[in-house]
1. For the range 1-22, name all the residues that are away from the ligand (no atom under 12 Å from the Cβ) and among the hydrophobic types (A, V, I, L, M, F, W, C).
2. It is to be established whether one or more residues within the range 228-247 are more than 16 Å from the ligand (Cβ to nearest atom), surrounded by 12 or more Cβ atoms within 10 Å (Cβ to Cβ) and closer than 17 Å to Q326 by Cα.
3. Among what's in the range 381-413 and is among the small types (G, A, S) and modelled with pLDDT of 95 or more, pick the residue that is farthest from V43 (Cα to Cα).
4. Kindly indicate the residue of the range 261-298 that is surrounded by 12 or more Cβ atoms within 10 Å (Cβ to Cβ) and among the small types (G, A, S) and also nearest to A209 (Cα to Cα) among those meeting that condition.
5. If I go through the range 144-160 residue by residue, how many of them are surrounded by 13 or more Cβ atoms within 10 Å (Cβ to Cβ) and either within 18 Å of E185 (Cβ to Cβ) or charged (D, E, K, R) (or both)?
6. Any idea how many residues of the range 343-374 are crowded, with 20+ Cβ neighbours inside 10 Å, within 10 Å of the ligand (Cβ to nearest atom), at pLDDT 80 or above and assigned to a loop (DSSP other than H, G, I, E, B)?
7. When the range 212-225 is examined, which residues are found to be part of a helix (DSSP H, G or I) and away from the ligand (no atom under 15 Å from the Cβ)?
8. In the range 95-161, which helices (runs of 4 or more DSSP H) lie fully inside it and hold 3 or more residues that are touching a Phe, Trp or Tyr at 6+ places or on another chain (Cβ under 7 Å) and closer than 21 Å to T27 by Cα?
Amino acid sequence: MGSKAHSARKRMLSNIYSKSFLQSSDTLKIISHTMIYDRLLPVLFEAASSGSLIDMYDLNQAFTMDFISAFIFGLANATNFLQDVPTRKFMLQKYHCRKDFEFYYQEVPNLLAWTEALGVPLLPKWYHEANELMAAWNLALCDNAEKHLGSNEPDLEPTVYKQLKLSMAKQLASGSDSSSVKADEIKLQRLEIACEMYDHLTAGHETSAVGLTYLCWELSKRPHLQAALRKELQTLSPAVTYPITSHSLHSLPHPKLIDALPLLQAVVMETLRLHAPIPGIQPRTTPYPTSSLSGYDRIPPNIRVNAQAYSLHRNPEVFPDPESWQPHRWLKEDDSAELEEMQRWFWAFGSGRRRKRSENKLMHEESVEMKLVVAAIYTNFLTTIVDDEGIEATDAYTVKPSGHKLILKFELI
Ligand code: HEM
């Protein structure tokens, strides 16, 4: 997609990912309540009570997929990986088995096309089968959401799907009058929307799951910090305690209150600094006619340039002792020059995050969803590491623990 079309698409969706929308949406309130109180906390409570162990990476992927798919397609149409373990194992295996081949599509798409045409495909048959399965699964999610397009019921409303569908329908209406052209356009649009929704599913679920996994890993090494965080979380009104006595929606604190907790914010920022889920290159092409970058002037157009969070986040002048995880480095006066400089170098969410906080219109901004999960876990449990072998990140666009797991013990507080 060209940059004009990309910006137009982004504009269609920016409203529903804005912080003000997310913090006031009734649909998101129901989703959050269901995910935390009906799905996540019962699993953790059961593990803590029985002494069974939790694979936090696996569970985080389930949570983030359920959460984002509910926001995109509607709660009733979304996945339920937290409770349906066999489906989760099957789908996540299909999802991940393709990851090693991402490189070919991103970097050498022509080579792929040539080798396919010559009958010597680079990618195995099972790769294509897994791809087809994921595509069909996503299309079915879209078609189900379509059935509830008219719904404003908070547990049915497909928020993201609906917003895109209605915005794109306007484009159709202003196009050609011929019915056959229109039918073709509708078919094409169904696939375009499915593609966009698949991007959101992957962008929303993988990154947050990885971030949460490293956050739990770091906290699990530090019981004292967990205690300090718990103290802060207990100031929420109401606190995210479990089991709850009433099923009213008021049992979750307002997202604004969660967002305003300084230590929680510091823990999330420091995790995304040291363990950025997308640490590597984010390619861009230079604009016409010339541009200047990092002291280099007159760079011609269409040159690929990259920046990467991994390096920006390890500048020792901005982040002293950069390899160590120190949430307290973020606990500074709001308008301090040091904090502003750290925020300027913080690139876990790529462009749009820099300088002006209000410019970021995605569900990013230190992730509403991540903070909710952390609040739910650390209000109620103490976590310790049982097995973190292979915790070091893979070398990929979106990283993950190379051992594909993080086994934790949960104890009720
Ligand atoms: C810890 C959590 C997350 C991290 C670290 C993260 C990081 C990123 C990064 C680095 C990019 C590329 C930005 C660029 O090219 O400048 C991106 C794009 C994107 N992310 Fe996230 N993300 C997170 C959570 C989410 C969530 C929860 C959603 C919700 C759907 C989301 C949706 C998107 C979308 C739609 C894009 C593409 C934006 C575009 O095309 O311009 N992300 N994310």
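1. The one that is away from the ligand (no atom under 12 Å from the Cβ) and among the hydrophobic types (A, V, I, L, M, F, W, C): F21.
2. Looking only at the range 228-247, we keep the residues that are more than 16 Å from the ligand (Cβ to nearest atom), and these are 228-247.
Filter again for surrounded by 12 or more Cβ atoms within 10 Å (Cβ to Cβ), leaving 228-230, 232-234, 236, 238-242, 244.
Still in the list and also closer than 17 Å to Q326 by Cα: 228-229.
Yes, some residue in the range 228-247 is more than 16 Å from the ligand (Cβ to nearest atom), surrounded by 12 or more Cβ atoms within 10 Å (Cβ to Cβ) and closer than 17 Å to Q326 by Cα.
3. Among them, the one singled out is A393.
4. Per the stated criteria, the residue is A276.
5. So the count comes out to 5.
6. 3
7. L219, S220, P223, H224, L225
8. Numbers: elements: 102-107, 109-117, 125-147.
Correct list: 125-147.
The values are calculated or read from the model by the stated rules, or taken from the named source; none is laboratory data. Since the structure is predicted, the reported quantities are computational estimates derived from the model, not experimental observations. Heads up, the Cβs are rebuilt from the backbone with ideal geometry, glycines too, and the neighbour counts pull from every protein chain shown.
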